[in-house]
Ligand SMILES: [Zn+2]
């Protein structure tokens, strides 16, 4: 695999230089990729639920799903309260289970030609099992059994990840499913509990070999999380090995493992990536999760709910779902429609079937366009687990809080709104994958591992672009001994950026203005060259080899209770440095996190201008209004440019719903290539497509569309 990757990188670089980028060729064609339309049902039931499956009609259930257009159904084998949904020797069945639910459902679905995916919620332990196996239960920092999850509904305990639970309960229960029932795949959930409530038991302490951190500010969190991640990944690989020994055709994955909030690639043994997207900002959240996963060698699905998040019994706008599905397909993902069952009848009404059909149907034509294609992006954005932890997320799987300043979301949003294409990479990805991209953006990261830092330097030396936002990271491995001196040694990236870090400004707000500076040359006409104020701590740097693009300015004296721009300082707000064949852009202010928090135009404009400039000639870019997301997929001699309706400024927790779509006109696509067009057509419109060529630049005018349009170009 390693040899293949190296060969592949070289191959890709050659192709991208000749304008013939062929995508990455090693995507696994497994069950997950072949079954594009899946449905998942939540059916968490506590011990208090007395009517589980009471009036259930499995034949009607399966019949309704057959009509819905789905190909595969996720159904509970082990629920979120730790109970089995079938008779099991290795995991206590739900105390009120009236019938063999998993058995009845899986048989009825298979009889109708539908696939079955067994759902396993892996972290909780029901009360009965916790009593039987006290050494499987997580212990809190004070040494008592952790009941942090206990409330009226979740009365279960969390499994200790280093216990024998995996070998003695989870894997044997999966074998029961494999031996006794129809099953095509295994879908796991809730591993994030291992990270949000670490276990302090004797065994876990011994395995780590040091004191497990308790205080949020303990510098050993990085090292402990790395250890824990490796432990949990090892256990998941153990599960994967066992499942593939049961049947090599089975596929297995787990919700959010290897996602943006975790920033480590999923365990090798997994066959797909998967994640449920929060409703409040669906199209952006879906695109962002897919930007992490879509380019990898494993299939990915995005799970969107019929409702406004799980267990919120309100139906969303069909246009929102169709738009999220369009984003998913345009990123070469497959989709999963999420819904919730009422435990007492689990009935699927005719009107729900109509909803499912329309949800899947809205993008049916795009399924053919992207079948066998791979996603392309010009820009790479780096995210690290440390960044997410420092934002206070404890590596939560959930999307960021609306108001929380998140540099990762800020950068991605600015790139999307500019009409550029981006993928998201982790530290561990850079060595092999960075050369696929024209530039790398590092948004306000505090630390970068040494292998990743070396990969970045090699990439810039060979002509890659680099954008450092909000300061410079220190080079520090997660398991390296933390010291203040090492954590504030910026010399590695100082050399690349051609600047010296002096410290941080005391001001709570700093400014810059493009007027009369070199930044003006890349500043768009419709954004006025007036002072831009940025809240938060700015880096105080001095120029060494780098040249100034725009200086930073201090705040002036308070007027009307507010802070206007004051004195212009000698320090850069923006600088650029030539390092060997590459260019390194530096921005001193926290533009990315502040853009996410505030949505101000001056901030996105600055981000967009330096990112675009750092990339040189982009392969493809969407021009025209910002209300369109843009994606590119590649096949042999064929490129598809996908446009999907988008709503900007979606940072609040309230849903921004597309109640009824308008017709969008005006976007055009600029493609930089030496190839010539043989034919071009739109997927939703039969109108002839207008395009112009000037040198290596082709401009394609998109026809009007509502939710999405895919323009397919066949090259000579
Ligand atoms: Zn433990």
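Read the figures in this text as sums done on the coordinates, not as results from a lab. Worth saying up front: this structure is predicted, and the values here are computed from it rather than measured. As a convention, Cβ positions derive from the backbone with ideal geometry for all residues, glycine included, and neighbour counts pool all protein chains shown.
The shape of the range 243-332 can be summarised by an equivalent ellipsoid whose semi-axes, obtained from the alpha carbon gyration tensor, come to 25, 15, 12 Å from longest to shortest. Relative to the 2.2 N^0.38 Å rule of thumb, the range 462-512 has a C-alpha radius of gyration ratio of 1.36.
For helix 2-17, report the angle its Cα long axis makes with the longest principal axis of the Cα atoms of the chain; keep it between 0 and 90° and round to the nearest 10°. Once rounded, one gets 40 degrees. With respect to the chain, whose longest principal axis is taken over its alpha-carbon atoms, helix 58-68 is tilted by about 30°.
Distances between every pair of Cα atoms in the chain, grouped in 10 Å steps from 0 to the bin holding the largest one, split as 3, 14, 24, 26, 19, 10, 3, 0 percent. The calculated pair-distance distribution of the range 113-180 uses every alpha carbon pair, bins of 10 angstrom beginning at 0, and gives 19, 46, 25, 9, 1, 0 percent.
Can you give the Rg/Rh ratio of the range 190-313, where Rg is from the C-alpha atoms and Rh is the Kirkwood radius?
Numbers: Rg = 16.6 Å, Rh = 16.3 Å.
Taking Rh as the inverse mean 1/r over Cα pairs, Rg/Rh reads 1.01.
Would you mind calculating the relative contact order of the chain from Cα pairs under 8 angstrom and at least 6 residues apart, reporting the percent as a whole number? Dividing the mean separation by the residue count of the chain yields 12 percent. Take the convex hull of the alpha carbons in the range 28-371; its mean projected area over all directions comes to 16.4 nm². With the convex hull of its Cα atoms as the shape, the range 468-563 has an orientation-averaged projected area of 8.3 nm².
Given a Förster radius of 41 Å and the C-beta distance between residue 568 and residue 526 as r, what FRET efficiency does 1/(1 + (r/R0)^6) yield to the nearest 0.05? List each step's numbers first, then the result.
Working: r = 24 Å, r/R0 = 0.60.
The computed FRET efficiency comes out at 0.95.
Inter-label distance, residue 317 to residue 297: 4.2 nm, where each label sits 7 Å from its Cα along the C-beta direction. Residues 357, 278, arranged from fewest to most other Cβ atoms within 10 angstrom of their Cβ, appear as 357, 278. Cα convex hull of the range 379-618: mean projected area in nm², to one decimal? Quarter of the Cα hull surface area: 13.0 nm². Against the chain, whose longest principal axis is taken from its Cα atoms, helix 450-461 shows a tilt of about 40°. Among 37, 354, sorting on how many other beta-carbon atoms sit within 10 Å of each Cβ, with the fewest leading, yields 354, 37.
Fewest-first ordering of 236, 304, 627 by other beta carbons within 10 Å of each residue's beta carbon gives 627, 236, 304.
Quote to one decimal, in nm, the extra length available between residue 215 and residue 202 on full extension: 0.36 nm per residue of separation minus the C-alpha distance between them. Spell out each step's value before the answer.
Values: separation 13, 0.36 × 13 = 4.68 nm, distance 1.88 nm.
Extra length from residue 215 to residue 202 when fully extended: 2.8 nm.
Going by the alpha-carbon gyration tensor, a ≥ b ≥ c the square roots of its eigenvalues, is the range 622-715 rounded (a/c under 1.5) or, if a/c is not under 1.5, prolate (a/b greater than b/c) versus oblate? Provide the component values of the computation, followed by the final result.
Working: a/c = 2.26, a/b = 1.98, b/c = 1.14.
Taking the square roots of the gyration eigenvalues as a ≥ b ≥ c, the range 622-715 is prolate.
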